[in-house]
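Just below is one structure, and these are the notes that go with it.
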Amino acid sequence: MDIEQTLEQMTLAGKADLCSGADFWRTKPIERLGIESIMMSDGPSGLRKQAGDGDHMGINESIPAVCFPAPVAIASSFDPALARTVGETMGRECQAEGLAMLLSPGMNIKRTPLCGRSFEYYSEDPYLTGQMGVATVQGIQSQGAASCVKHFAANNQEKMRMAGDSVVDERTLHEIYLSAFETVVKEARPRSVMCAYNRVNGTFMAENRELLTDVLRDKWGFDGFVVTDWGAVKNQVKGIQAGLDLEMPGGSKAGRNRILAALEDESLTEAELDDTVRRLLTMIDQSVRQQKTGVAFDREADYAIARDAARECAVLLKNDNDILPLDDKGKIAFIGSFAERPRYQGSGSSHINSARVSSALSAVQDLDVHFAQGYTAAESKTDQMLLAEAVELARQSEAAVIFVGLPDRFETEGVDRKTLDMPDNQITLIETVAKAQPKTVVVLHHGAPITMPWADKVPAILEMYLSGDGVGEATVDLLFGRSNPSGRLAETFPLSLTDTPAFLNTPDAKGRVEYREGIFVGYRYYDIREMDVLYPFGHGLSYTHFEYTSLKFDKARLDDTQTLSVSVTVKNIGHRTGKEVVQLYVKPVDSQVSRPVRELKGFAKIELQPGETRQVTFRIDKMAFAYYEPLLRDWHVESGDYTIEIGSSSRDIRLDGTVSVTSTVRIPVVFTRYSMMGEILKTPVGQRMAEQMQAQRGDEGSSDVDALGEGASGMAEAMKQELPLEALISYGVMTEEQLDGLLAALQQNS
């Protein structure tokens, strides 16, 4: 398609028409010009292609497909190669089903574990989110389908999600909530971005020019098209002027009519509309040209990929006395409804019509495993008969495995959770069975952190999250040692809801929420407060053990234009083959701005045979040391020392060393009459002023200038540092004219 020629041949009505979908999933065709309709589908755990009536909550049936592990699980693999493989598989499925675009991945930060859609998002950490997002987008788009990253931006709650307002300061917005999107846009070049329902700082995202144009397009270089979340458009004319391209779903002429009316009264120019249509035509043309023929949806092969992925995503949280793996020759009790009917995916628009799902119970037909239901998943009240049957079976067995977690009704799109607690009947089951059987293992199926008041009463806990269609086979392989757990938590598990960073900063009745915790989200918050947690970010055990040695840097000093090579040697000192996730954190030594204690800036997943040793090398650049500086409206590296930490989790640091980094960019400083003396004394002008004042005191003897701290106590010194310049007049140190001269000199030399 010749985009410019086609654009010239379009009528105004045709251009306005193209800016809204034809129906729930398709763009509008224009047959006269050969503009085809393209179809898109929900992700991010697989294809939710609806052949009939469409909806955005997963109510109407979709085609049989494969459900892959939810993003929360994929992130727990800490394996971008795995994320890319899953992306490639979903991209092939899109081609087989004639889908031009997959609405995936979901990249919102897990600000609070109460978010009802938390299972659709990767992590509380923007670096990990960005790396997994890059891999997923590259995988999907390698097959010719388009990836649509979502939900841009600061969409961190389900309460009042279509009208809520995320009130967040500039630094926090860029450093935490935009950072992963920035990484993915720059490194993976997704062909589409979905704008969220919510407002950001008072402006709906569908009308937010600052974020959709100034940041996304102009600053980051995004050259794709922006689609609304389904039903997110408020005023399509304002949306087009802000950088919005496509309203979904379609079927209404309201947007078309409003655009035409705005063109008529000249509140919208044809040039503005052409920019939008040009991007839409480009997307349609790319999709048509990259559509492949003869691609088959091999559900069995893709199921195997989903099953293998589930093994990589599981996190072994606890394994006292090496109770796991279990002996497959003994009599084992499988207890709990989820052993028979596992919860393997979340509810809402990501819900997949799975063609095949394995349960743990169906995967142990060749073993001496016996089953007791234990509880009813649809209820919270304990069924005493089911409980008694479970306890009796546990007593008669060599070990008991309890399958529990959160029912569908606890985690779903559109509704936030009220609590981090599991249902009462499941807690009672765990505590009662554990008393009867010392070798009790708990297997968890859920999509976000939960409290575990029972954790110290059982010796082993295996976190499966929402693991997709292959959950049952993967769980059994892990329990009996056919596979070695290698996942790591992509989010912190707190001890209680009241411990969480956003506990006091919750949405009001209209959905407005102030992000007063700022940059201190997830482990950043728990670490700076030195709080105990249930399980820390990055935590995960293995059936083997690893030793870290020989931390080395290729340089001790660098500036922010250079890269630093960091290497460490890792050895498998156990008796099983296993995978370790080596994590690199950066810790400012003495920052003059508020910074987290440490931040993840690198990770590598490696597989080692027993006794095998491997050197792992990271290359980190400016972004590993930078924070977002509002005065620059950009990322900035503060000159100073930084500790490089290597560990197996954010709370398990094995090695560390320090490097010195120098900034090549100066932050512009504006001095006023209310600037503090501490700021002034750091400048050459201020230092000369201090020397002159010192000389004057030497000539004249003691005077009121002693109030500035000369020869006084530490308290007086602190007061001097925090004394505003204007106070120098009150103390008789300067005249008005002298202060004006000082300010002029400061500005000239800043």
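When ASN425 is tested against the conditions (1) part of a loop (DSSP other than H, G, I, E, B); (2) open to solvent by less than 30 Å² (accessible area, probe 1.4 Å), the lone failure is (1). If you go through region 462-504 and pick out every residue that is part of a helix (DSSP H, G or I), within 26 Å of the chain's Cα centre (by Cα), β-branched (Val, Ile, Thr) and buried (at least 21 other Cβ atoms within 10 Å of the Cβ), you end up with 2. Take region 232-266 and flag every residue that is of a type outside the set (Lys, Arg) and open to solvent by 60 Å² or more (accessible area, probe 1.4 Å). Scanning region 232-266 gives GLY251, SER252, ALA254, ASN257, GLU264, ASP265, GLU266. For residues in region 157-215 being at pLDDT 95 or above and on the phi > 0 side of the Ramachandran plot, which is least open to solvent (accessible area, probe 1.4 Å)? If we take residues in region 157-215 being at pLDDT 95 or above and on the phi > 0 side of the Ramachandran plot, then GLY202 is least open to solvent (accessible area, probe 1.4 Å). Of the residues in region 351-364, at least one is assigned to a loop (DSSP other than H, G, I, E, B), more than 20 Å from LEU444 (Cα to Cα) and not β-branched (Val, Ile, Thr). Out of VAL586, VAL582, report the one residue that is touching a helix residue (DSSP H, G or I) at 6+ places or on another chain (Cβ under 8 Å), open to solvent by less than 20 Å² (accessible area, probe 1.4 Å) and either farther than 17 Å from GLN131 by Cβ or not small (Gly, Ala, Ser) (or both). None of the other options fit; the residue is VAL586. Screening TYR344 against (1) open to solvent by 10 Å² or more (accessible area, probe 1.4 Å); (2) within 35 Å of the chain's Cα centre (by Cα); (3) among the aromatic types (Phe, Trp, Tyr); (4) farther than 26 Å from GLY43 by Cβ leaves a single unmet condition, (4).
Annotation for region 169-183: at least one member residue is more than 19 Å from LEU246 (Cβ to Cβ), touching a residue at least 60 places away in the same chain (Cβ under 8 Å), part of a loop (DSSP other than H, G, I, E, B) and not hydrophobic (A, V, I, L, M, F, W, C). Only one entry in LEU743, LEU725 is more than 20 Å from GLN592 (Cβ to Cβ), within 46 Å of the chain's Cα centre (by Cα) and at pLDDT 80 or above, namely LEU743.
Taking PRO453, is it part of a loop (DSSP other than H, G, I, E, B) and touching a Ser or Thr at 6+ places or on another chain (Cβ under 8 Å)? Taking the combined requirement at face value, the residue does not satisfy it.
Filtering region 260-285 to residues that are within 13 Å of LEU18 (Cβ to Cβ) and polar (S, T, N, Q) leaves THR276, THR282. Taking the conditions (1) closer than 18 Å to MET283 by Cβ; (2) modelled with pLDDT under 95 in turn, PHE225 satisfies each one other than (2).
Apart from one condition, LEU99 fits all of (1) within 24 Å of GLN50 (Cα to Cα); (2) among the aliphatic types (A, V, I, L, M); (3) outside any loop (DSSP other than H, G, I, E, B); the exception is (3).
Within region 13-30, if we keep just the residues that are in contact with a helix residue (DSSP H, G or I) (Cβ under 6 Å, 6 or more places away or on another chain), touching a residue at least 24 places away in the same chain (Cβ under 8 Å) and of a type in the set (A, V, I, L, M), the residue that is surrounded by the fewest Cβ atoms within 10 Å (Cβ to Cβ) turns out to be LEU18. Looking at ASP532, is it in a loop (DSSP other than H, G, I, E, B), open to solvent by 30 Å² or more (accessible area, probe 1.4 Å) and without any contact (Cβ under 8 Å) to a residue 12 or more places away in the chain? Judged against the criteria, ASP532 is not a match.
Yes/no matrix, rows are residues, columns are (1) among the small types (Gly, Ala, Ser); (2) crowded, with 22+ Cβ neighbours inside 10 Å; (3) closer than 21 Å to VAL66 by Cβ; (4) free of Cβ contacts under 8 Å to residues at least 12 places away in the same chain:
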{"residue": "ALA271", "(1), (2), (3), (4)": "yes, no, no, yes"}
{"residue": "ASP285", "(1), (2), (3), (4)": "no, no, no, no"}
{"residue": "PHE297", "(1), (2), (3), (4)": "no, no, yes, no"}
{"residue": "TYR303", "(1), (2), (3), (4)": "no, yes, yes, no"}
{"residue": "ALA309", "(1), (2), (3), (4)": "yes, yes, yes, no"}
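Only residues that are over 14 Å from LEU558 (Cβ atoms), in a strand (DSSP E or B) and either among the hydrophobic types (A, V, I, L, M, F, W, C) or free of Cβ contacts under 8 Å to residues at least 40 places away in the same chain (or both): list them for region 632-652, please. Within region 632-652, ASP634, TRP635, HIS636, ILE646 qualify. In a loop (DSSP other than H, G, I, E, B), open to solvent by 30 Å² or more (accessible area, probe 1.4 Å) and either touching a residue at least 24 places away in the same chain (Cβ under 8 Å) or not hydrophobic (A, V, I, L, M, F, W, C) (or both): does that describe PHE537? For PHE537, the condition - in a loop (DSSP other than H, G, I, E, B), open to solvent by 30 Å² or more (accessible area, probe 1.4 Å) and either touching a residue at least 24 places away in the same chain (Cβ under 8 Å) or not hydrophobic (A, V, I, L, M, F, W, C) (or both) - is not met. Among the residues here, ALA434 qualifies as assigned to a helix (DSSP H, G or I) and open to solvent by 10 Å² or more (accessible area, probe 1.4 Å).
Tallying residues that are over 8 Å from the mean Cα position of the chain (by Cα), under 20 Å from ASP42 (Cα atoms), buried (at least 24 other Cβ atoms within 10 Å of the Cβ) and not β-branched (Val, Ile, Thr) within region 117-146 yields 10. If you go through region 66-83 one residue at a time, do you hit one that is under 22 Å from THR228 (Cα atoms) and among the β-branched types (Val, Ile, Thr)? No; the residues of region 66-83 include none that is under 22 Å from THR228 (Cα atoms) and among the β-branched types (Val, Ile, Thr).
Within region 560-590, if we keep just the residues that are polar (S, T, N, Q) and out of contact with any Asp or Glu (no Cβ under 6 Å at 6 or more places or on another chain), the residue that is farthest from PRO126 (Cα to Cα) turns out to be THR577.
Restricting region 552-591 to residues that are of a type in the set (D, E, K, R) and in a loop (DSSP other than H, G, I, E, B), the residue that is farthest from ASP656 (Cα to Cα) is ARG576. The set of residues in region 69-111 that are of a type in the set (Ser, Thr, Tyr) and crowded, with 24+ Cβ neighbours inside 10 Å comprises SER76, SER77, SER104. Of the listed requirements (1) closer than 23 Å to GLY447 by Cβ; (2) part of a strand (DSSP E or B), ALA333 misses just one: (1).
Residues that are of a type outside the set (Ser, Thr, Tyr), at pLDDT 95 or above and within 29 Å of ALA65 (Cβ to Cβ) are absent from region 381-402.
Would you be able to say whether some residue in region 56-68 is at pLDDT 95 or above, open to solvent by less than 30 Å² (accessible area, probe 1.4 Å) and aliphatic (A, V, I, L, M)? Yes: region 56-68 contains one or more residues that are at pLDDT 95 or above, open to solvent by less than 30 Å² (accessible area, probe 1.4 Å) and aliphatic (A, V, I, L, M).
Residues that are assigned to a helix (DSSP H, G or I) and surrounded by 24 or more Cβ atoms within 10 Å (Cβ to Cβ) do not occur anywhere in region 147-155. The selection criterion, being surrounded by fewer than 23 Cβ atoms within 10 Å (Cβ to Cβ) and at pLDDT 95 or above, holds for ASP456.
The values are calculated or read from the model by the stated rules, or taken from the named source; none is laboratory data. Predicted, not measured: the structure shown is a model, and the values here were computed from it. In this analysis, Cβ positions are derived from the backbone assuming ideal geometry, glycine residues included, and neighbour counts consider all displayed protein chains. Accessible surface areas use protein heavy atoms only, side chains included; no ligands, DNA or RNA. Shrake-Rupley method; radii C 1.70, N 1.55, O 1.52, S 1.80 Å.
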